[in-house]
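The values are calculated or read from the model by the stated rules, or taken from the named source; none is laboratory data. Note that the coordinates shown come from a computational prediction; the quantities given were computed from them, not determined experimentally. Cβ: placed from backbone, ideal geometry, glycine included. Neighbour counts: every protein chain shown.
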């Protein structure tokens, strides 16, 4: 077969032409492979560092490079790789459009591996394409760095921040989300002021002045850093974390106290002890049988009835769009809480009063972390698929790649 026919069938690699191609079974292997020998064409060579045309060649060496499979067979290219004498940069590899300077796989092969890594684990991709685990990871990491580029924080006026667990033993990372496009802006390890400070440095002085609202949970470190760095920003506390805190500090405490009070009546005590999720779940999510159980439980215990009703009323605070009306509602709610004579509820109400400005900010900026809670669940899936990540930079790139935002 002529070289022109080879080139017509197999394609052309810029700067080279196909001299020879054959199907070969390597010694000690049962799998056939395609070996293609490429010969260099006369051309203008460019420096891979500065891109200038260079006339002189420093040296040349033969190199085997993997390309996309042909007819399902592993494909190897044998080519001469040139180093040029660049007057500006010194001896550098020649720049090729289809091959990175020090890569042993072509660009299209690397892109194919990176696409597979979006839906498969590194181990499975490595087994499928016949590359090493470290090679596949390096290809995927380099591809995401190139595709995602540096973090773009231009035009950001508001964002949401929340933490998620990355390892056992209360080890956390913080994720920053743009709520309008639902784009993950930044991920960093830790949930302290020092940990999240690099994000505010990336914003720059002008970017920090531009921030008008930040949604978060009632984390003191988050609030202090935002107030110190973004002077114009309003803190917005979301419904989810306030109700979660209410359930933990009020509903659970009262339920345990009532169960302990009924030690002499094992049957009633068992009913109260097993009612945690019944009390915490939204009423609209309960089945008919669960609603009947809840009604019987609340009619039999006035303290649980009081905390359950006040929890349902507290959620309505986030329905208001006028700060004045929301503040009047909160004062009415707090008055009922203080008259309840339930100490955990009274303590929570006094504590919540300190966070009232951030709650009322929701009327002007309806930000909430429910978007982030959903993203956090997907992050857990990404982590679980890989059975965890030792390289945190790679893990954080995976998160950014999974949530690029709505165009």
Inset, instruction - Hey, can you tell me all the residues within segment 121-142 that are under 21 Å from the mean Cα position of the chain (by Cα) and under 18 Å from residue 65 (Cα atoms)? - result: 136, 137, 138, 139, 140, 142
Legend entry - Enumerated strands (runs of 3 or more DSSP E) restricted to segment 6-106, each holding at least 3 residues that are in the same structural domain as residue 143 (by TED's automatic domain parsing), crowded, with 19+ Cβ neighbours inside 10 Å and in contact with a strand residue (DSSP E or B) (Cβ under 6 Å, 6 or more places away or on another chain): none
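Just to check your reading of the model, which residue among 76, 98 is without any contact (Cβ under 8 Å) to a residue 60 or more places away in the chain and under 44 Å from the mean Cα position of the chain (by Cα)? Break it down into steps so the answer makes sense when it comes.
Details: 98 fails: without any contact (Cβ under 8 Å) to a residue 60 or more places away in the chain.
Result: 76 is the single residue among 76, 98 that is without any contact (Cβ under 8 Å) to a residue 60 or more places away in the chain and under 44 Å from the mean Cα position of the chain (by Cα).
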Legend entry - Which numbered condition residue 150 misses (of (1) modelled with pLDDT of 90 or more; (2) within 21 Å of the chain's Cα centre (by Cα)): (1)
Inset, instruction - Just give me the residues in segment 279-297 being assigned to a helix (DSSP H, G or I) and either under 21 Å from residue 348 (Cα atoms) or in contact (Cβ under 8 Å) with a residue 24 or more places away in the chain (or both), in sequence order. - result: 279, 280, 283, 297
Legend entry - Conditions (1) buried (at least 19 other Cβ atoms within 10 Å of the Cβ); (2) over 16 Å from residue 393 (Cα atoms): number failed by residue 128: (1)
Legend entry - Selection from segment 331-369 of residues that are surrounded by 17 or more Cβ atoms within 10 Å (Cβ to Cβ), in contact (Cβ under 8 Å) with a residue 40 or more places away in the chain and part of a helix (DSSP H, G or I): 344, 345, 348, 352, 358, 359, 361, 362, 363
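So that you can scan it fast, the table gives a plain yes or no per residue for (1) surrounded by fewer than 18 Cβ atoms within 10 Å (Cβ to Cβ); (2) closer than 29 Å to residue 360 by Cβ:
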position: 262; (1), (2): yes, no
position: 267; (1), (2): yes, no
position: 275; (1), (2): no, no
position: 284; (1), (2): yes, yes
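Name the residue, out of 309, 254, that is out of contact with any strand residue (DSSP E or B) (no Cβ under 8 Å at 6 or more places or on another chain) and loosely packed, with under 14 Cβ neighbours inside 10 Å. Before the answer, list the steps.
Working: 254 fails: loosely packed, with under 14 Cβ neighbours inside 10 Å.
Only one candidate qualifies: 309.
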Legend entry - Among (1) over 30 Å from residue 118 (Cα atoms); (2) not in a helix (DSSP H, G or I), the one test that residue 389 misses: (1)
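Between 140, 134, which is exposed (fewer than 15 other Cβ atoms within 10 Å of the Cβ), outside the structural domain of residue 60 (by TED's automatic domain parsing) and in a helix (DSSP H, G or I)?
Numbers: 140 fails: exposed (fewer than 15 other Cβ atoms within 10 Å of the Cβ).
Within the list 140, 134, the selection yields 134.
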Legend entry - Residue list for segment 168-180, filter: touching a residue at least 40 places away in the same chain (Cβ under 8 Å) and more than 12 Å from residue 195 (Cα to Cα): 177, 178, 179
Inset, instruction - Residue by residue through segment 107-125, note down the ones that are touching a residue at least 24 places away in the same chain (Cβ under 8 Å) and in contact with a strand residue (DSSP E or B) (Cβ under 7 Å, 6 or more places away or on another chain). - result: 108, 109, 112
Legend entry - Flag if residue 375 is in contact (Cβ under 8 Å) with a residue 60 or more places away in the chain, buried (at least 19 other Cβ atoms within 10 Å of the Cβ) and not assigned by TED's automatic domain parsing to the domain that holds residue 254: yes
